[in-house]
Amino acid sequence: MSREIIRTDQAPQAIGTYSQAVKSGSTVYLSGQIPLVPETMEMVEGDIEIQIRRVFDNLQAVARAAGGELADVAKLNVFLTDLAHFPVVNSVMADYFSEPYPARAAIGVAALPKDAAVEMDAVMELDGG
């Protein structure tokens, strides 16, 4: 099966040896996004809610570049340096997703790139592969 590399200027550029996303058949694997502003590649300023929204906006931009939407996400992984922020993730997620919600994992981690407080990655399934 062929692989297609997904890239968009509407999301932060990869800061390592990875692609923003890879499409294999009808499945798209979206790399982890932290709250970087695409235009500046700097962390967004503001509280955890603003940071979480920036991450969802980044994921949404990559999903759209791949021909999908966040509604097509089958699995979402959330990495938090402080699990006390999990209720904020739930609240903000309701603004980006509607039922049926994707499968999800929330994982507490010691640290994330660029000292981010949140990172998310996803697996998206597109119709018509």
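Assorted remarks:
- Subset of the stretch 26-42 that is touching a strand residue (DSSP E or B) at 6+ places or on another chain (Cβ under 8 Å) and polar (S, T, N, Q) - its residue that is farthest from Met124 (Cα to Cα): Gln33
- When the residues of the stretch 29-56 are filtered to those that are part of a helix (DSSP H, G or I) and not acidic (Asp, Glu), the one that is nearest to Gly68 (Cα to Cα) is Phe56.
- For beta carbons closer than 8 Å, sequence separation of 6+ or different chains, a first residue in the stretch 2-13 that is over 12 Å from Arg64 (Cβ atoms) and a second that is among the hydroxyl-bearing types (Ser, Thr, Tyr) and in a strand (DSSP E or B), the qualifying pairs are Ser2/Ser24; Arg3/Ser24; Glu4/Ser24.
- Pair list, Cβ under 9 Å, 6 or more apart: the stretch 104-129 residue in a loop (DSSP other than H, G, I, E, B), other residue among the acidic types (Asp, Glu) and surrounded by fewer than 17 Cβ atoms within 10 Å (Cβ to Cβ): Ala117/Asp82
- Scanning the stretch 58-115 for residues that are among the charged types (D, E, K, R) and more than 26 Å from Ser24 (Cβ to Cβ) yields a total of 5.
- Tallying residues that are touching a residue at least 24 places away in the same chain (Cβ under 8 Å) and assigned to a helix (DSSP H, G or I) within the stretch 58-94 yields 18.
- Selection from the stretch 1-28 of residues that are surrounded by fewer than 17 Cβ atoms within 10 Å (Cβ to Cβ) and assigned to a strand (DSSP E or B): Arg3, Glu4, Ile5, Val22, Ser24, Thr27
- Output for the stretch 1-60, where each listed residue is closer than 27 Å to Phe86 by Cα and of a type in the set (Lys, Arg): Arg53, Arg54
- Taking the stretch 33-58 as the range and being crowded, with 20+ Cβ neighbours inside 10 Å and of a type outside the set (D, E, K, R) as the test, the residues that pass are Gln33, Ile34, Pro35, Leu36, Gln51, Ile52, Val55, Phe56, Asn58.
Just so you know, all these numbers are worked out from the coordinates, no wet-lab data involved. Just so it is clear, the model here is predicted, and its values are computed rather than measured. For neighbour counting, all protein chains shown are included, and Cβ atoms are generated from backbone atoms with ideal geometry for every residue, glycine included.
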